[in-house]
Amino acid sequence: MKKLFTPVSLNTDLATLVLRLIFGGMFTYHGWGKLAMYDEMLKMFGDPIGLGTELSLVLTIFGEFICGILIVLGLFTRLAVIPVFITMLVAYFVAHGNDDFMVKMLPFVYMLLCFVVFILGSGRYSLDAAIFDKNRNN
């Protein structure tokens, strides 16, 4: 009980895993919806940064679905969070630029969480640790 009131983390690696699963899972969910309804999404998706509607949608699906999966797996997590961050920057400042903060709050929160995930990295319970941690078995 005493440990609950100390400023020391109970288990940073477990917290990192939970954050990755929730954060990456949400993006995978949003990206899957866009991928599964690709033709319908293409008709209503904008061209927020002038790359063309289809390329914008493909990049959004990559940032949300593919990178979301990588984050969930803990594989190249710090690299995978960069496209997610860019996608949320565009969503916040361009796609929802003129909207009230309540409308664009979710992209804002996701942008902030990108920093947290980037700083934490994959953690011990990840494919990155299994593949790249040379000291794991020592």
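Laboratory data are not the source of any read-out in this text; all were calculated from the coordinates shown. Quantities reported herein were computed from a predicted structural model and do not represent experimental measurements. Here the Cβ positions follow ideal geometry from the backbone for every residue, glycine too, while neighbour counts run over all protein chains shown.
Quick notes on this one:
- Legend: ranking of residues ARG20, ARG78, ARG124 from fewest to most surrounding C-beta atoms inside 10 Å; resulting order ARG78, ARG124, ARG20.
- The mean sequence distance of close C-alpha pairs (under 8 Å, at least 6 residues apart), as a share of the length of the chain, puts its relative contact order at 28 percent.
- Degrees, to the nearest 10: 77-90 long Cα axis against longest axis of the chain: 30
- Counted by Cβ distance under 10 Å from VAL117, the other residues give a net charge of +2, where Lys and Arg count +1 and Asp and Glu count -1.
- Per residue, the convex hull spanned by the Cα atoms of the range 28-132 measures out at 101 cubic angstrom.
- SER9-ASP39 pseudo-label distance in nm [points 7 Å out on the Cα-to-Cβ vector]: 4.7
- Counting only lysines at least 8 places from LYS104 when in the same chain, those with an alpha carbon closer than 25 Å to its own are LYS34, LYS43.
- Residues ASP128, ASP133, arranged from fewest to most other Cβ atoms within 10 angstrom of their Cβ, appear as ASP133, ASP128.
- Positive-end residue, the chain charge dipole about Cα centroid, Cβ charges, pick of LEU10, LEU112, MET102: LEU10
- Net charge of the neighbourhood of LYS34, taken over other residues with C-beta under 10 Å away and scored Lys/Arg +1, Asp/Glu -1, is -2.
- A helix-only calculation puts the chain at -20000 deg cm²/dmol for mean residue ellipticity at 222 nm, using -39500 (n - 2.57) for each DSSP H run of at least four residues, averaged over all residues.
- Radius 12 Å from Cβ of PHE45, net charge of other residues (Lys, Arg +1; Asp, Glu -1): -2
- The charge dipole of the range 12-129, taken about the Cα centre with unit charges on the Cβ atoms of Lys, Arg (+1) and Asp, Glu (-1), comes to about 320 debye, rounded to the nearest 20.
- At q = 0.28 Å⁻¹ the log10 of I(q)/I(0) for the range 78-127 amounts to -0.98, computed by Debye summation with a single uniform scatterer per C-alpha, solvent ignored.
- Principal-axis tilt of helix 12-36 within the chain, Cα atoms, nearest 10 degrees: 20
- Ordered by the number of other Cβ atoms lying within 10 Å of each residue's own Cβ, fewest first, TYR110, TYR38 fall into the sequence TYR38, TYR110.
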